[in-house]
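Undergrad: I have a structure I would like to understand better, so I am pasting it below and will then ask my questions one at a time.
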Amino acid sequence: MKTLLTACTAVTLLAAAPALAEDISTHVLDISTGMGGTGIPVTLEMRSGDGWEQIGTGTTQDNGRVEGFDITTEAATYRLVFDMTAYDDFGPDAFFPEIDVTFAVSDTDRHHHVPVLVSAYGYSTYLGN
């Protein structure tokens, strides 16, 4: 009985705790195939003075996602840098060898998901959820 009460208490405490999610995540979707872009190195940078400071790195998973960069988001300007030459479907001769997405975070209480939709000769981005 004591074990059951301890387990119930732990579940109650976990359920009462807010869900923790990474503050910035991304996703690469290849719109020519409808599949996530796998194996793309992504760097997260934050504006620092007149330049940029690297604050995180990741590589897109099989589903095209980088779930997070293990950071605490500050109100600041950020940049995601995607190395598209590493994407097998585009390769070293990619028309857009690098995609840079710069965005400003003012609401640090929300999750910022910044996907990129790509094709061989174009890309677009938006603030997702």
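Coordinate-derived values only; no laboratory data. All figures in this text were calculated on a predicted structure; none of them were measured in a lab. Every residue, glycine as well, gets a Cβ built from its backbone with ideal geometry; the counts of neighbours run over all protein chains shown.
Undergrad: Hey, any idea what Rg/Rh is for the range 23-125, computing Rh the Kirkwood way over Cα pairs?
TA: 0.97
Undergrad: Separation of the range 84-129 and the range 39-78 by C-alpha centroid, Å?
TA: 11 Å
Undergrad: All other residues with a Cβ under 15 Å from the Cβ of SER32 taken together, and with Lys, Arg as +1 and Asp, Glu as -1, what is their net charge?
TA: Around SER32, the surrounding residues sum to -3.
Undergrad: Still on this structure: Report relative contact order for the range 23-125 in percent, whole number only (criteria: Cα-Cα under 8 Å, sequence separation at least 6).
TA: Relative contact order, the range 23-125: 33 percent.
Undergrad: Near the amide H of VAL114, under 5 Å away, which other amide H atoms are found, from residues 5 or more places off or on another chain, if H is placed in the peptide plane?
TA: Placed amide hydrogens put SER25, THR26, HIS27, GLY128 under 5 Å from VAL114.
Undergrad: Summing Lys, Arg as +1 and Asp, Glu as -1, what charge do residues with Cβ under 11 Å from the Cβ of THR108 carry, THR108 excluded?
TA: Once all neighbours under 11 Å are counted, the net charge is -3.
Undergrad: Next question. Determine the percent antiparallel among the DSSP beta bridges restricted to the range 23-125, to the nearest 5.
TA: Bridges in the range 23-125 that DSSP calls antiparallel: roughly 80 percent.
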